[in-house]
Amino acid sequence: MAVESLTIRSLLWRCANESEQAQRSPKSTGSLMQVEYFIDLVFRSPETLAPLHDQLSRQALLAVKAEQVSTFLGKMLTPQVAAEIGSRFTARIEGTCIKHRFGSCSVKLYDKFHCVPRLETTTDDVSLFKHHRKAEHRGGHTTRELAALKKSICSLVDLREILLGCNRRYLEFLSAFDDNSSGQRLLGRVTQAKHDGEHCYSGINFFDPDDQALLRAIQRPEFNIHGLRRADLAARLTMFSPSQHSRQLRRLRELGLLKRVAGTYRYYLTRCGRAVVAACCRLTEFVYRSSTRQRVTSILCNFCQLSTPF
């Protein structure tokens, strides 16, 4: 948000400076032909942005209708409107882009080189937007009313407020979508093998009977109170040897499902561990074994709406 406010202030100062110069020198004239206003959203890493942007683009392509496009741009959709309204999704070398068009105006969302998502409002005719200003009539009298925006540089300050409102309305609409990217990252983290020096710990297989029994054993309610020990697993998992019990505990720690109490040999489930156990129980009890990866991801996301699973 700091980058966004800095961009807005610098643009406001530039617009105000140009407007003051235009008012001081009546001979200087200028006309606005093509105008764009954008907001860049900064993420910590491209790995975090990639699944989120792909999901937002595809959901926006399906969810945004003509009524939403007109709302973004502050227009009313009436039977008298004679403008082309639609959405388009394109994939380019620089990244993917989704564009919602209303006549000569458009609202876009695209990622610049897969690093920075940008919300942008563009227009080729600024007179399509209206604001309250002083209007001059043919009789020579002036009134203050809702009129079309003038195409001079004196209108830059008001135009900036209008385009900023378009971007924020589109951003609020996108923020209402469900974010499954945290579930996707969590699923990839717990199902992939984890290497620790010379040792390799396999990921969780939700359809393996041994992993199912292990996850069901660590979710017992009494372990949430006084913790879990290796002896507790030995009493409930007879298919493992004593050495395998220690290795399973170390495996769950490396995958982030368990955390150890300092100075003891007791373990507790992490928030990530609770989500994984709940997803495993949901899969085995309510879903067939032929479930796809996408269904597993959605179930994980329902139990873990976290930006940092661990």
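The values are calculated or read from the model by the stated rules, or taken from the named source; none is laboratory data. From a predicted model like this one, the values you see are computed outputs, not experimental measurements. Reconstructed Cβ throughout: ideal geometry from the backbone, glycine too, with neighbour counts over all protein chains shown.
A few notes on this one:
- Within region 240-259, restricting attention to residues that are of a type in the set (D, E, K, R) and either within 33 Å of the chain's Cα centre (by Cα) or not assigned by TED's automatic domain parsing to the domain that holds VAL277 (or both), the residue that is nearest to SER202 (Cα to Cα) is ARG251.
- Qualifying residue in region 180-190 (condition: in contact with a strand residue (DSSP E or B) (Cβ under 9 Å, 6 or more places away or on another chain) and not β-branched (Val, Ile, Thr)): no
- Among the residues of this structure, GLU20 counts as one that is assigned by TED's automatic domain parsing to the domain that holds PRO117 and at pLDDT below 75.
Each row is one residue, and each column tells you yes or no for (1) under 35 Å from the mean Cα position of the chain (by Cα); (2) buried (at least 16 other Cβ atoms within 10 Å of the Cβ); (3) outside the structural domain of GLY203 (by TED's automatic domain parsing); (4) of a type in the set (S, T, N, Q).
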residue: GLY227; (1), (2), (3), (4): no, yes, no, no
residue: ALA235; (1), (2), (3), (4): no, no, no, no
residue: THR238; (1), (2), (3), (4): no, no, no, yes
residue: ALA262; (1), (2), (3), (4): no, no, no, no
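- When ARG253, ARG230 are checked against the criterion of being free of Cβ contacts under 8 Å to residues at least 60 places away in the same chain, of a type in the set (D, E, K, R) and in contact with a helix residue (DSSP H, G or I) (Cβ under 6 Å, 6 or more places away or on another chain), a single residue qualifies: ARG230.
- Among the numbered conditions (1) modelled with pLDDT of 85 or more; (2) part of a loop (DSSP other than H, G, I, E, B), the only one that HIS100 does not meet is (2).
- Of the candidates THR122, THR191, the single residue that is out of contact with any Leu (no Cβ under 7 Å at 6 or more places or on another chain), more than 30 Å from ARG253 (Cβ to Cβ) and of a type in the set (Ser, Thr, Tyr) is THR122.
- Complete set of residues in region 83-96 that are part of a strand (DSSP E or B) and closer than 12 Å to ASP54 by Cβ: PHE89, ALA91, THR96
- Every listed requirement among (1) exposed (fewer than 14 other Cβ atoms within 10 Å of the Cβ); (2) within 25 Å of ARG260 (Cα to Cα); (3) out of contact with any Leu (no Cβ under 8 Å at 6 or more places or on another chain); (4) at pLDDT below 85 is met by ARG185 save one, (1).
- Scanning region 169-182 for residues that are surrounded by 15 or more Cβ atoms within 10 Å (Cβ to Cβ) and not hydrophobic (A, V, I, L, M, F, W, C) yields ARG169, TYR170, ASP179, ASN180, SER181, SER182.
- Strands (runs of 3 or more DSSP E) within region 106-205 that include 1 or more residues assigned by TED's automatic domain parsing to the domain that holds THR96 and closer than 30 Å to ARG271 by Cβ: 116-123
- Filtered residues of region 241-290 (kept if assigned to a loop (DSSP other than H, G, I, E, B) and of a type outside the set (Ser, Thr, Tyr)): LEU255, GLY256, LEU257, VAL261, ALA262, GLY263, ARG266, VAL287, ARG289
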